[in-house]
Protein chains: 2
Amino acid sequence: MISVLINGECKESISIFDRGLQYGDGLFETMAVYENKIQLWDAHWERLKNGCQRLSIEIPDKKLIENEIAIITNEKLTPNPFVIKLIITRGSGERGYKFPSVQNTTRIISRQPWPHLSEEFKTSGVAVRYCETILSENTQLAGIKHLNRLEQVLARNEWNTNDFQEGLMLNANGDVVDGTMSNIFAVKDNIIFTPDLSSAGVSGVMRNTVIERAKELGFSVYEKTFSKFELENADELFITNSLIRIWPVRTIAKKRFTQIGKITKQLQQAVDKTR
Amino acid sequence: MISVLINGECKESISIFDRGLQYGDGLFETMAVYENKIQLWDAHWERLKNGCQRLSIEIPDKKLIENEIAIITNEKLTPNPFVIKLIITRGSGERGYKFPSVQNTTRIISRQPWPHLSEEFKTSGVAVRYCETILSENTQLAGIKHLNRLEQVLARNEWNTNDFQEGLMLNANGDVVDGTMSNIFAVKDNIIFTPDLSSAGVSGVMRNTVIERAKELGFSVYEKTFSKFELENADELFITNSLIRIWPVRTIAKKRFTQIGKITKQLQQAVDKTR
């Protein structure tokens, strides 16, 4: 059963000279597959394409990627749902940071099992904490899903129990930016807020889907800087990513939400229909 | 001829599930080899060990690494000098930022040809520019030589001619931190200054060697925040790394140095003796 394709070849290893390893010089997408169909593929592709443009990585051929993904997703006997991770790197080159004179983008497509996500997190909410590892700010790298993820790695490993499902990361000013693996939304007086990501954080595909659905439902959505105080004084909080979709936040620091918010539920239903 | 060893095995590729590729979750050292002997090995090892501690990566066995390096450096017919690059990653694991329950550090040792470094750069100096790509600040990652190098990649590719040998990177405040592949020193009134690296930059092995040699020679050396103005008003400027050792700066922005500084020369001689 084929579970990894590298530049179309069925193998599981890449050259150590690939700049993805040498410098984290690349991008990735983590995508949910239901009924052998990648969810929100066009949105994932657009983010990846934007990331390539931002990093001056040659944009791979979309049809080629789609065909390679199809080879992996169409394998019989693959239990659904599952996860497809797509990595694009600047390929191999001479030693040093300078781009190779000829860029040969590396495409890595892998199928991975669906993570254990308790249904209860969706219906009863999750416990979230603040991380001490800060998110550094760089407008050139903000928003895109590049392979330089040490800050998320350090933040996610600040806790090692199942007491928390996610950790929120702050920038050096103490503003909330996003979770280690998710984006955060707050609802206050029927208005929806989410942190501005122009100088740090990852602009999630599910985040953008939620913003679109919310606007279709007639809500105002604002992207703004976001303090802990504002977060803890919200009427509703929820986190999003492509695999979990929307998880209500049940607790953050000393704040407890007694029930899942009305608007959170409404958005969960709207997003579930997007599938 | 063996040119790459991965965990002691003679091969050139690693699993795509290695966290070095997935997240840039690792460290590296680039080392000069003269007469089949790694220069400043103990200093490289100390920085690597410190990096492992900072990232909670299990420190590999020093003797084991030394033996593996010896296999590669002792190959007959290898033209000296050459470069050994050592990469340490947190190894493979399940999907997600959480550390694997069992960490199996990956050791990658590769031999690479000596880069073309004109002798003139050492004797007549180099032209240096300022980069627009900023260095983001994070005290948890500052100083160590981790694999998240996208900022250096973007900065190094702001110019594509041979008019400049290096680009200096600034933090968001506009302070000079280091070069894309080197550290910078300034001499003013016989005192030596180099940027403080507590919130960004890489603490170079050659940088530390230069500081030691300078102190032995009786100079005062200060690590401090460093403006462009201070830089351009220095009496002497030079950049350092393990391969180039010390290159005097001939020009930066509109500033021209008419001759190689006396103290720069003195330090070049002192460092050459360290070999």
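The values are calculated or read from the model by the stated rules, or taken from the named source; none is laboratory data. Just so it is clear, the structure is predicted and the values come from calculations on it, not from any experiment. Please note: Cβ atoms are built from the backbone with ideal geometry, for glycine as well, and neighbour counts cover all protein chains shown.
Summary of values
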read-out	value
Complete set of residues in the stretch A:55-77 that are surrounded by fewer than 17 Cβ atoms within 10 Å (Cβ to Cβ) and either within 13 Å of chain B (Cβ to nearest Cβ) or in contact with a Lys or Arg (Cβ under 9 Å, 6 or more places away or on another chain) (or both)	A:S56, A:E58, A:I59, A:K62, A:L64, A:E75
Considering residues of the stretch A:4-27 that are in a strand (DSSP E or B) and facing chain B (nearest Cβ under 8 Å) only, the residue nearest to A:I87 (Cα to Cα)	A:I6
Verdict on A:A214 being among the aliphatic types (A, V, I, L, M), within 28 Å of A:E132 (Cβ to Cβ), touching a residue at least 40 places away in the same chain (Cβ under 8 Å) and not in a loop (DSSP other than H, G, I, E, B)	no
Matching option when the condition is of a type in the set (G, A, S), surrounded by fewer than 20 Cβ atoms within 10 Å (Cβ to Cβ) and facing chain B (nearest Cβ under 10 Å), among A:A172, A:A155	A:A172
Filtered residues of the stretch A:85-106 (kept if away from every other protein chain (no Cβ under 11 Å), assigned to a strand (DSSP E or B) and either out of contact with any Cys (no Cβ under 8 Å at 6 or more places or on another chain) or without any contact (Cβ under 8 Å) to a residue 24 or more places away in the chain (or both))	A:L86
Criterion violated by A:S15 - all others in (1) among the small types (G, A, S); (2) without any contact (Cβ under 8 Å) to a residue 40 or more places away in the chain; (3) under 30 Å from B:E158 (Cβ atoms) satisfied	(2)
Residue count for the stretch B:2-48, restricted to those that are closer than 24 Å to B:I244 by Cα, of a type outside the set (S, T, Y) and surrounded by fewer than 18 Cβ atoms within 10 Å (Cβ to Cβ)	5
Subset of the stretch A:28-46 that is under 29 Å from B:L27 (Cβ atoms) and not β-branched (V, I, T) - its residue that is farthest from the other protein chains (Cβ to nearest Cβ)	A:E29
Where B:V128 falls short, out of the listed (1) part of a loop (DSSP other than H, G, I, E, B); (2) outside the structural domain of B:I16 (by TED's automatic domain parsing)	(1)
All positions within the stretch A:217-262 that are buried (at least 19 other Cβ atoms within 10 Å of the Cβ) and in a helix (DSSP H, G or I)	A:L231
Check on A:S56, more than 25 Å from B:S3 (Cβ to Cβ) and among the hydroxyl-bearing types (S, T, Y)	yes
Among residues of the stretch B:114-141, those that are more than 10 Å from chain A (Cβ to nearest Cβ) and either more than 18 Å from the chain's Cα centre (by Cα) or over 20 Å from B:K85 (Cβ atoms) (or both), counted	14
Residue satisfying condition, being closer than 20 Å to A:H44 by Cβ, of a type outside the set (A, V, I, L, M, F, W, C) and in a helix (DSSP H, G or I), within set A:K273, A:K265	A:K273
Residues being within 16 Å of B:T209 (Cβ to Cβ) and not hydrophobic (A, V, I, L, M, F, W, C) - total across the stretch B:15-46	8
Some residue of the stretch A:196-210 being surrounded by fewer than 16 Cβ atoms within 10 Å (Cβ to Cβ), modelled with pLDDT of 95 or more and assigned to a loop (DSSP other than H, G, I, E, B)	yes
Among residues of the stretch B:107-123, those that are in a helix (DSSP H, G or I) and surrounded by 13 or more Cβ atoms within 10 Å (Cβ to Cβ), counted	2
Evaluation of A:S101 against (1) in the same structural domain as A:F28 (by TED's automatic domain parsing); (2) modelled with pLDDT of 95 or more; (3) among the small types (G, A, S) (one fails), failing number	(2)
Answer from A:I192, A:I246 - the residue that is under 20 Å from A:G125 (Cα atoms), assigned by TED's automatic domain parsing to the domain that holds A:T258, under 18 Å from the mean Cα position of the chain (by Cα) and not basic (K, R)	A:I246
